[in-house]
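We did not get these values from a lab; they are worked out from the coordinates using the rules stated. None of these values were measured; they are calculated from a predicted model. No Cβ is skipped: glycine too gets one built from the backbone with ideal geometry, and neighbour counts run over all protein chains shown.
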Amino acid sequence: MNIGIDQLHFHIPNYYLDLAVLAEHNGVDLSKYHKGIGQEKMSVASHDEDIVTLAANAAAPLLTDLKQRNSIDTLLFATESGIDQSKAAGLYLHSLLDLPSNCRILEVKQACYSATASLQLACDHIARQPNKKVLVIASDIARYDLGTPAEATQGAGAVALLISANPRLVSIDPISGKYSEDVMDFWRPNYRKTALVDGKYSAQMYLKALKHAWQDYQDQGGHPFNHFSHFCYHLPFSKMGVKAHQQLAKHSQNPINPDQIEDGMRYNRLIGNSYTASLYFALSSLLDHRDDLAKQNIAFFSYGSGCVGEFFSGQVQPNYQQHRHRQSHQHQLTHRQSLDYATYQHYWHNPEPSDGSTIELPQQNHARYRLAKLSQHKRHYQKNP
Ligand code: HMG
């Protein structure tokens, strides 16, 4: 039985910072961003957006069919920008999206890797109960301290994946290769709003995890390098994907063809790092930019600092072109507003009252779902008409 990604839709904030603005403000040569890390723009969340509104806006178009919505018995919410230490962010989605009451909901964390863990757990669940569906959501707002080298690798966005039997987009193969190690390359203690990172070390760990996950994938009986027409990588910045692919090709003694990765990196260059969602923006970018993928085999590498890496694979389904949400994705990207540096900095500083006082949030996000108010230690969401 084929199991995998039946539908995929993403949502990004309505605002972005052109890295030319950041380069000028930080006195950095723009070619360092464009060529050195391979990034052009980064998504910026406004004050009335958070991981819940991004997720709700990503998932809503997948839930218009009532029968489909009622067959979702599990919601896995992958994030590392959690809004509560106890309550799972997916519970807010339960009411915003009218999900059935007999649906189990939990939040899953392991840096940028947790959406892949969720996808694999969802596939295992569907293997036991093929008539059910699982909603996997990856939603994150990546923030580093202003003025640091990592600042140019921020971003934000959510990807919603509907996992089912007989998927219409991409089936996921059962074999995967894994690598875990306890390291401090990137982390965010509970008292911090922004991540701490040992940037160069994190890139080394990414490549080390790729090498070992690939080896484990081979040991488990996985396909050889030349079985795959395309490779999707976790993309903290697109140059990381280029380096990863160079290493993998060299290690497996295969020639590099830029076509294997190029289309998967297009969205990331314009969105930035969206942590858990980043690999699935890469898949979306690949599916949206090509019409010739039916029956092609795709390789995936997921990396989450700390660290876990997983190498896995899938096959694009016939007629996937009719089931992708390309129009919505490209509409969002072409209708965003560019920010000046002062407004970017204003949005970067989220109002977060820790004494329970009330803050009404002015409407900056015009998507369907927004965060309207913080009051008495609670978040109040609103559905725009
Ligand atoms: P940096 O110190 O500013 O950059 O930080 P650099 O000096 O190393 O330069 C970057 C590249 O630009 C280099 O190329 C330079 O040569 C080049 P490379 O040697 O790497 O090929 N360069 C130029 N190119 C053209 N024209 C110029 C120019 N100047 C320099 N004028 C760093 C870069 C990525 C470390 C920083 O942005 C950072 O710390 N980012 C955050 C951490 C990160 O993204 N790590 C990636 C792996 S870990 C991961 O993916 C997990 C993560 O998503 C988190 C999670 O799992 O939750 C981050």
Just to verify a number: FRET efficiency for Ser95 and Thr194, C-beta to C-beta distance, R0 = 22 Å, to 0.05?
0.15
Which of Asp259, Asp50, Asp198 has the fewest Cβ neighbours within 10 Å, and the rest in rising order:
Asp259, Asp198, Asp50
Selection from Ala117, Gln154, Asn70, by position along the positive dipole direction of region 44-183 (Cβ):
Asn70
Quick check on my link table: of Lys41/Lys178; Lys133/Lys239; Lys239/Lys295; Lys208/Lys239; Lys35/Lys250, which ones sit more than 24 Å apart, alpha carbon to alpha carbon?
Lys41/Lys178; Lys133/Lys239; Lys239/Lys295
Label-point gap, in nm, between Ser354 and Met1 - each point 7 angstrom along Cα→Cβ
4.9 nm
With a point put 7 Å past each Cα toward its Cβ, work out how far Trp187 is from Lys67 in nm, to one decimal.
5.0 nm
If each DSSP helix of 4+ residues adds -39,500 (n - 2.57) and the sum is divided by the residues in the chain, what number results at 222 nm, nearest 500 deg cm²/dmol?
-9000 deg cm²/dmol
